[in-house]
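Everything on this sheet refers to the single structure shown next.
The values are calculated or read from the model by the stated rules, or taken from the named source; none is laboratory data. Because the structure is a prediction, the values reported are computed rather than measured. Counting neighbours? That spans all protein chains shown, and the Cβs are built from the backbone with ideal geometry, glycine included. Remember, those area values only see protein heavy atoms, side chains included, never the ligands or the DNA or RNA. Shrake-Rupley method; radii C 1.70, N 1.55, O 1.52, S 1.80 Å.
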Amino acid sequence: MRSFTLSQSGTTPIVFVLVTALYFGVYGEIFSLFPATQGDTFGAKYAAANAGMLYTAKGAGALLVPIAAAIAKSRGWSTVFTIAMCFNLAAAFLALAVLKPMRIRHFAAGPAADPSPVGNIGGARIT
């Protein structure tokens with residue numbers, strides 16, 4: 001939705017600035033919700049490795065900026081936003097078709113399916 005609004009507000013500078021501020025004002029969920037979600041989904045055993053891959057993917061996405069700039073120069077920003085919206089729709093579809101059923105199976109299996117290590121921290125047994 002934000003990409004669509006940005007693509008439609010490019011001709012009005014004030015609206016574009018306000019929508020951009022709103023977009024980046026709510027962008028912090030990647031730093032708080034994504035690590036918790038991947039830990040819940042895949043377990044705590046490899047949480048650090050999974051979070052590292054998450055941030056590596058975020059950084060790799062930054063490498064697409066020159067490609068987006070080239071597309072914007074040749075075809076306009078509406079094309080760039082359309083491509084971004086298509087990627088967002090594909091991610092939403094994959095989340096519903098792949099991730100949601102996987103999480104349901106994981107939580108239905110109960111605590112025995114959790115690959116979290118059982119340890120002893122400060123004398124308290126962690127289970």
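What to note about this one:
- A72 falls short of the stated requirement of being modelled with pLDDT under 90, assigned to a helix (DSSP H, G or I) and among the hydrophobic types (A, V, I, L, M, F, W, C).
- Qualifying residue in the range 88-97 (condition: in contact (Cβ under 8 Å) with a residue 40 or more places away in the chain, under 24 Å from T5 (Cα atoms) and part of a helix (DSSP H, G or I)): yes
- Hits in the range 3-18 - residues which are closer than 16 Å to M85 by Cα and open to solvent by less than 80 Å² (accessible area, probe 1.4 Å): S3, T5, L6, S7, S9, G10
- Every residue from the range 83-97 that is open to solvent by less than 100 Å² (accessible area, probe 1.4 Å) and either more than 20 Å from G61 (Cα to Cα) or of a type in the set (K, R) (or both): A97
- Candidate set from the range 43-82 (those that are open to solvent by 80 Å² or more (accessible area, probe 1.4 Å) and touching a residue at least 24 places away in the same chain (Cβ under 8 Å)); member that is nearest to Y23 (Cα to Cα): W77
- Residue in the range 98-116 that is modelled with pLDDT of 90 or more, among the aliphatic types (A, V, I, L, M) and open to solvent by 70 Å² or more (accessible area, probe 1.4 Å) present: yes
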